[in-house]
Amino acid sequence: MHEGHEQMFRRRFFVSTLLSIPVLLYSPTLQEWLGFFVPAFPGSEWINPVFAVIVFAYGGIPFLQMAIPEVRDRSPGMMTLISMAISVAFVYSLASVVFPTQSAFFWELVTLIDIMLLGHWIEMRSVRRASSALDELAKLMPDTAERITDDGETENVPVSELEEGDLVLVRPGASVPADGVVEEGDSDVNEAMITGESKPVSKEPGDEVIGGTVNGDGSLRVQVGATGEETTLAGIMRLVEEAQQSKSRTQALADRAAGWLFYVAVGAAAVTAVAWTVATTFNATVIERVVTVLVIACPHALGLAIPLVVAINTSLAAQNGMLVRDRIAMEQARELDSIIFDKTGTLTKGEHGVVGIETVGAVDEDEALKLAAAVESDSEHMIARAIREAADKRSIDAPDASNFEAMKGRGVRATVEGEEVYVGGPNLLDHLDAGVPSALATFAEEAGENAQTVVYLVREGELTAAFAMADVIREESYAAVDALHDLDIEVAMLTGDSSDVANAVADELGIDTVFAEVLPEDKDKKVQELQDQGKLVGMVGDGVNDAPALTRADVGIAIGSGTDVAVQSADVILVQSNPMDVVRLVKLSKASYRKMQENIVWAAGYNVFAIPLAAGVLAPIGILLSPAVGALLMSLSTVIVAINAQLLRRVDLSVPSLTGLSPSGRPEPAD
């Protein structure tokens, strides 16, 4: 719609400006002011009225047409004011032809229409560019796909013809045509346009891919899992569209102000007409004052102040992996007093990792990890995966193991390089009747105080190492808590884990309030507790188990829901499982609201000074605005508001710019 209006105003502006040239050239007033002369010829006296009528009919009629719905709905606004201004100028100009004693008003009329068209063209162009998020998202999806047939050949088909279960070939550099699962191939996929993740994501068989993302250097064969309106990209587009169409509280305020401005303008125009008629007489000057007041009071800037910021805000949020479902919640995020994080899967990875190693004798940490990883090579237990991942991070190659045996309730055993090696918990030590060296006993005691699980490594009957295991805290969580504290936001944590485990994580992160051993059905009660203290509360959870709490919170934030964008309980959906995105959300909310305030102050403040100036309060000192200058000032205010809104794009949402990131030894977040 905006693009269609933009093209219409652009076309009519150029045609009307071209048709205005003869009117300007044959205007006696301009000839006198600028000191030039254009030869007259028989019938030249009709140039001004004829061309002015054409300009009014071609360039002015659209404003009258768009004013009809405002009048019909009894909600007069910008188009009604513009229509009144050009209609008064047009009728008076025609009357001056019938009654030659009156001064003509034709050049003011055509320049007024030209500048109005130019202002609306600029406005529509700004809105279209700000609202281009949907267009950019739509461009991500390719038009065709290479479907693999039953005989192994490929055929090019429209993406719309793909069905669930189809196998498609995604060549290097091509876009993934639909959501699905990798069946064959290894590659890195650029998901920045969907999730905001700047680094390409490695994909291998069994991994999910999102339609619209761009394949890297490898070739992938993908089994289609969702097409059309069921894809992640389609869901994101729906949310972006809903957010851009929804109105915030600030928008409602601006709409009311624009409505009231109509009555202020009409009242000011009436007072101006009476005052000038009494002071002088009813003539062209009076009409000029009335038209200037009506023109300069047009709430262009006020009507554009909020929608443009909303469109840019939503676009920026989507580009950074934040999908806004509720505009009011997005606006409230700037006022949050407390944010509650669900622990598992939000502040932590929801999986065990090796957080400490203690060895005795001649065995060092790398040697201990190598032996443990070898023994656990065939196990799928979460502790086994954690040990293997720890070895991989240190680039340790585990040797082959044989004679693997799982010892129920105790651990596992295997033969590694000819030696019998055991890995297991305290029950394993009881089974083997192994003594615990003092260093390992102290290590285990400290780990227990931190609510960590300890597993032991026994080689040839000798206890040689102990590993402390815990739910790994996300590296981003440290910086997120620090940044929220610097924004004067209290951080709370909600978990069903024991108090020991919860307090250990809270102490590590510096969290203010801990709710431990909370059942899923009671999570919303903890949100209510903080709200009863008069706090505006945000809740960050996975959007499934935390649905009641997300709904109860003033701002519900679903995290890690990139492939499930239809989360109904959340107000904002964070595509990635990155706690730093919560800080980005608050920062964007603050920056957007600041731009809304600036635009409203400019748009409303402009009229406070402009309307009296248009009415002629400075006439005693020789300052009078023509309708064309009034239209220029009105358009200029619109341009200023548009430029100020566009400056929102400069807000730096990258992690290093956020306050609260101390250069301590804490891990830097992976942005």
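Data overview
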read-out	value
Criterion: part of a loop (DSSP other than H, G, I, E, B) and within 25 Å of ASP500 (Cα to Cα) - qualifying residue of GLY448, GLY356, GLY361, GLY409	GLY409
Which listed residue, of ALA414, ALA434, is assigned to a loop (DSSP other than H, G, I, E, B) and farther than 30 Å from ALA516 by Cβ	ALA434
Scan of segment 359-368 for residues that are without any contact (Cβ under 8 Å) to a residue 40 or more places away in the chain and hydrophobic (A, V, I, L, M, F, W, C), ordered by number	ALA362
Filter pass, VAL53 being among the hydrophobic types (A, V, I, L, M, F, W, C) and modelled with pLDDT of 90 or more	yes
The lone exception for VAL38 - which of (1) open to solvent by less than 60 Å² (accessible area, probe 1.4 Å); (2) free of Cβ contacts under 8 Å to residues at least 40 places away in the same chain; (3) assigned to a helix (DSSP H, G or I); (4) touching a helix residue (DSSP H, G or I) at 6+ places or on another chain (Cβ under 6 Å) it fails	(3)
Residue in segment 300-312 that is in contact with a strand residue (DSSP E or B) (Cβ under 7 Å, 6 or more places away or on another chain) and surrounded by fewer than 24 Cβ atoms within 10 Å (Cβ to Cβ) present	no
Among residues of segment 1-35, those that are small (Gly, Ala, Ser) and surrounded by 16 or more Cβ atoms within 10 Å (Cβ to Cβ), counted	3
Check on SER395, exposed (fewer than 13 other Cβ atoms within 10 Å of the Cβ) and in a strand (DSSP E or B)	no
Within segment 284-299, considering residues that are at pLDDT below 75 and out of contact with any Ser or Thr (no Cβ under 6 Å at 6 or more places or on another chain), the one surrounded by the most Cβ atoms within 10 Å (Cβ to Cβ)	VAL295
Considering residues of segment 61-75 that are more than 19 Å from GLY4 (Cβ to Cβ) and either touching a residue at least 24 places away in the same chain (Cβ under 8 Å) or open to solvent by 60 Å² or more (accessible area, probe 1.4 Å) (or both) only, the residue nearest to the chain's Cα centre (by Cα)	SER75
Positions within segment 475-525 being open to solvent by less than 30 Å² (accessible area, probe 1.4 Å) and of a type in the set (Val, Ile, Thr), in sequence order	VAL481, ILE489, VAL491, THR495, VAL505, ILE511, VAL518
Filtered residue count, segment 323-352, keeping only those that are modelled with pLDDT under 85, open to solvent by less than 10 Å² (accessible area, probe 1.4 Å) and not in a helix (DSSP H, G or I)	3
Selection within segment 645-667 - surrounded by fewer than 18 Cβ atoms within 10 Å (Cβ to Cβ), in a helix (DSSP H, G or I) and at pLDDT 50 or above	GLN646, LEU647, ARG649, ARG650
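The values are calculated or read from the model by the stated rules, or taken from the named source; none is laboratory data. What you see is a predicted model; the values in this text were computed from it and never measured. Positions of Cβ are generated from backbone atoms using ideal geometry, with glycine treated the same way; all protein chains shown enter the neighbour counts. Areas reflect the complete protein model, heavy atoms only, side chains present, ligands, DNA and RNA absent. Shrake-Rupley method; radii C 1.70, N 1.55, O 1.52, S 1.80 Å.
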